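First comes the structure, then the notes that go with it.
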Amino acid sequence: MSNVIPGSPVEMAQEMKGTASRSRKVQKPVWHTVLSWKEGEEVSQAQKVAAAQRYCELIGAPIARHQVVVYEHRDKKHAHVHIYINRVPIDGGPALRTDNNFYRQPAITKQISQELGMQPIPERRRSIKDLDPKKQAVRQG
């Protein structure tokens, strides 16, 4: 967490909403992403925190300027964390742009993996074509 008073998820969301209300232009003030590691890779809590912090820096939302909440889930076989970033910075500067984040993510996660000496963070799916081959055959034919 950064720049958010600890509390329940509802309380943290309310605080982030209050900060976001400073901007009249931003329609969707929260950017959400997930960092995942390969199944079986041992990832320490410190590595997860460092990866989340570095992600925020590289995406353009340093934690000194933005409210950030990171949640770890253990509902999958692989380690992963959810990152929620308030796009409206606490210092009143311009909001975080997210229009190209989908395309920037692979390079950012690769850089984080290299910097922190981890296995490459799995890339997210780029199109529906890399899903189930049977479904793809039905779509084409």
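Report every pair of residues separated by at least 6 positions or lying on different chains whose Cβ atoms are under 8 Å apart, first residue within segment 10-37 and farther than 29 Å from residue 109 by Cβ, second hydrophobic (A, V, I, L, M, F, W, C) and not in a helix (DSSP H, G or I).
Every condition considered, the pairs that remain are 11/5; 22/88.
Identify the single condition in (1) in a helix (DSSP H, G or I); (2) at pLDDT below 90 that residue 99 does not satisfy, given that it satisfies every other one.
The failed condition is (1).
Just to check your reading of the model, which residue among 47, 67 is within 17 Å of residue 15 (Cα to Cα) and of a type in the set (S, T, N, Q)?
Going through 47, 67 in turn, just one is within 17 Å of residue 15 (Cα to Cα) and of a type in the set (S, T, N, Q): 67.
Out of (1) in a loop (DSSP other than H, G, I, E, B); (2) within 14 Å of the chain's Cα centre (by Cα); (3) farther than 25 Å from residue 92 by Cα; (4) not β-branched (Val, Ile, Thr), the odd one out for residue 72 is which?
Only one criterion is unmet by residue 72, namely (1).
Residue by residue, here is whether (1) modelled with pLDDT of 90 or more; (2) among the small types (Gly, Ala, Ser); (3) under 22 Å from residue 11 (Cβ atoms) holds:
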residue	(1), (2), (3)
52	yes, yes, yes
71	no, no, yes
105	no, no, no
123	no, no, no
140	no, no, no
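Being touching a Gly at 6+ places or on another chain (Cβ under 9 Å) and at pLDDT below 85, is that true of even one residue in segment 54-68?
No, because not a single residue in segment 54-68 is touching a Gly at 6+ places or on another chain (Cβ under 9 Å) and at pLDDT below 85.
Across segment 15-53, which residue is nearest to the chain's Cα centre (by Cα) among those that are under 11 Å from residue 118 (Cβ atoms) and not in a loop (DSSP other than H, G, I, E, B)?
35
Considering only segment 32-64, how many residues are touching an Asp or Glu at 6+ places or on another chain (Cβ under 7 Å) and loosely packed, with under 15 Cβ neighbours inside 10 Å?
Number of matching residues: 0.
Can you give me the number of residues within segment 35-65 that are touching a helix residue (DSSP H, G or I) at 6+ places or on another chain (Cβ under 7 Å) and closer than 25 Å to residue 103 by Cβ?
Adding up the residues that qualify gives 9.
Can you name the residue in segment 1-31 that is within 11 Å of residue 68 (Cβ to Cβ) and of a type outside the set (A, V, I, L, M) and is also surrounded by the most Cβ atoms within 10 Å (Cβ to Cβ) among such residues?
Step by step, filter segment 1-31, then rank; the result is 31.
May I ask you to list the residues in segment 54-69 that are β-branched (Val, Ile, Thr), over 12 Å from the mean Cα position of the chain (by Cα) and under 19 Å from residue 107 (Cα atoms)?
none
The values are calculated or read from the model by the stated rules, or taken from the named source; none is laboratory data. A quick note: this is a predicted structure, and the numbers were derived from the prediction, not measured. As a convention, Cβ positions derive from the backbone with ideal geometry for all residues, glycine included, and neighbour counts pool all protein chains shown.
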